[in-house]
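Below is one structure; the comments refer to it alone.
The values are calculated or read from the model by the stated rules, or taken from the named source; none is laboratory data. Worth saying up front: this structure is predicted, and the values here are computed from it rather than measured. Note that we place each Cβ from the backbone using ideal geometry, even for glycine, and neighbour counts take in every protein chain shown. The area values use the complete protein model at the heavy-atom level, side chains included, leaving out ligands, DNA and RNA. Shrake-Rupley method; radii C 1.70, N 1.55, O 1.52, S 1.80 Å.
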Amino acid sequence: MSTAVAPKLDIQKIRKDFPILEQKVNGKPLIYFDNAATTQKPKQVIDAISEYYEGYNANIHRGLHSLAEKATTAFEDSRKVFHKFINAAEVEEVIFTRGTTDGINLIANAYGRKFLQKGDEILITAMEHHSNIVPWQMIAEEKGAILKVVPVNAKGEISLDEVEKLITDKTKIVSVVYASNSLGTVNPVKEIAKLAHAKNAVMVVDGAQASSHCKVDVQDLDCDFYATSGHKMYGPTGCGILYGKRAILEEMTPYQGGGEMINNVSFEKTTYNDIPYKFEAGTPNIADVVALKHAAEYIDSIGKDNIMAHEQALTRNAHKRLSEVPGIHFYGTAEDKVSVVSFTIDNVHPYDAGMMLDAKGIAVRTGHHCTQPLMDHFGIEGTIRASFSVYNTIEEIDFFADSLKDIVAKFS
């Protein structure tokens with residue numbers, strides 16, 4: 001069987017871009033199926049980090065010497081790349097953060113703290129990551145707001161009719177995951193944004209799982225905020241972006257105080273910098289932000305359509321082969337989903353399966369995946385989650401399915 005699923009892709013050539021895939025784990029070739037937790041990094045990204053530290057390590061924006069100017073240019077080049085990558089209307093609408101969690105906390109504190117009032121409503125869904133639950137709980141408790149939850153059905157989908165029922169004149173914020181990390185479900189965020197705006201609520205999109213798979217056009221989605229993480233899309237950990245519409249960002253109060261986010265400081269009063277710098281207090285994660293643009297460029301060089309075609313073929317094959325495993329139960333069977341397969345197996349605890357798969361060199365994620373309320377909804381403690389990326393192959397999935405059969409046989 002051919003390794004390359006999407007006819008335009010040479011998967012073996014792509015795999016050579018990822019040095020970590022060449023290693024063995026427990027004496028077996030590494031099969032990395034934990035991409036929803038973090039993707040591996042191509043050499044272009046790794047080299048960019050080394051080049052920064054070896055060649056022009058300096059603080060940015062405030063220095064006039066050559067290294068500072070070179071570092072500043074490289075940092076701001078990343079902002080320009082992501083301006084195009086998500087199709088923001090303006091470069092200044094792209095804010096660098098520590099990742100999706102940081103971005104959502106920024107919105108909750110800088111927007112929610114200023115504009116939420118007692119009795120206002122915040123709407124999320126039952127499939128949200130803890131990062132899109134806890135910040136809203138915290139600000140709701142502080143402001144006396146009410147957190148409402150859109151339920152999911154047996155396939156792991158939400159209903160637009162249910163969303164429309166739950167959005168009221170009191171709804172001020174709607175925050176929805178674009179693609180579920182536990183189920184793979186892709187949500188109709190563009191349609192939800194229309195419903196939110198009809199009630200004058202702002203639309204927040206958690207794009208952590210979508211950015212490496214789905215085309216992201218924030219103007220077409222018409223979301224007010226879009227948060228994502230670099231490490232979910234072949235980039236470094238500890239960095240990400242937050243998009244916000246200029247008009248809204250300019251009304252918001254800074255989330256953190258310190259250097260860079262100021263215009264003028266005196267002991268009597270401080271005035272704030274323009275966006276995006278108003279929300280980028282202190283020395284940022286320069287090296288990783290510089291490298292992050294290479295991750296976006298890497299995705300563009302392959303093409304989102306090609307990546308999605310390959311990953312969807314892998315996912316279809318995984319469902320087919322894993323269906324042969326006795327006692328398996330799938331969670332997240334939506335028609336529109338990214339490359340996540342989540343399941344349990346009768347009489348096999350997910351942690352036991354994870355450890356036994358690791359012994360065969362297969363890396364999967366086991367547990368609640370930071371979606372405990374979703375696991376409670378399905379009445380389970382957690383699942384085994386295999387998540388695929390562009391460098392994964394049909395042969396790896398076949399070995400994975402056969403390995404699970406062997407594991408189940410030991411418990412029968």
The correct count of residues that are part of a loop (DSSP other than H, G, I, E, B) and buried (at least 24 other Cβ atoms within 10 Å of the Cβ) in the stretch 170-200 is 7
State whether the residues of the stretch 56-75 include one that is surrounded by 15 or more Cβ atoms within 10 Å (Cβ to Cβ), among the hydroxyl-bearing types (Ser, Thr, Tyr), touching a helix residue (DSSP H, G or I) at 6+ places or on another chain (Cβ under 8 Å) and under 30 Å from residue 304 (Cα atoms).
-> no
Out of (1) surrounded by fewer than 17 Cβ atoms within 10 Å (Cβ to Cβ); (2) charged (D, E, K, R); (3) within 30 Å of residue 55 (Cα to Cα), the odd one out for residue 250 is which?
-> (3)
Can you find a residue in the stretch 225-243 that is touching a helix residue (DSSP H, G or I) at 6+ places or on another chain (Cβ under 8 Å), part of a helix (DSSP H, G or I) and of a type in the set (A, V, I, L, M, F, W, C)?
-> no
Got a number for residues in the stretch 355-374 being over 19 Å from residue 398 (Cβ atoms) and in contact (Cβ under 8 Å) with a residue 12 or more places away in the chain?
-> 10
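How many residues are buried (at least 24 other Cβ atoms within 10 Å of the Cβ) and touching a residue at least 40 places away in the same chain (Cβ under 8 Å) if we restrict to the stretch 219-230?
Total meeting the criteria: 6.
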Check 34, 47, 10 and return the single one that is open to solvent by less than 80 Å² (accessible area, probe 1.4 Å) and within 30 Å of residue 341 (Cβ to Cβ).
-> 34
Scan the helices (runs of 4 or more DSSP H) fully inside the stretch 305-412 and keep the ones with 3 or more residues being open to solvent by 10 Å² or more (accessible area, probe 1.4 Å), touching a strand residue (DSSP E or B) at 6+ places or on another chain (Cβ under 7 Å) and over 28 Å from residue 125 (Cβ atoms).
-> 394-411
Here are some residues: 317, 285, 306. Which one is in contact with a Phe, Trp or Tyr (Cβ under 8 Å, 6 or more places away or on another chain), of a type in the set (S, T, N, Q) and in contact (Cβ under 8 Å) with a residue 60 or more places away in the chain?
-> 285
Is there a residue being within 18 Å of the chain's Cα centre (by Cα) and either open to solvent by 60 Å² or more (accessible area, probe 1.4 Å) or in contact (Cβ under 8 Å) with a residue 60 or more places away in the chain (or both) anywhere in the stretch 113-125?
-> yes
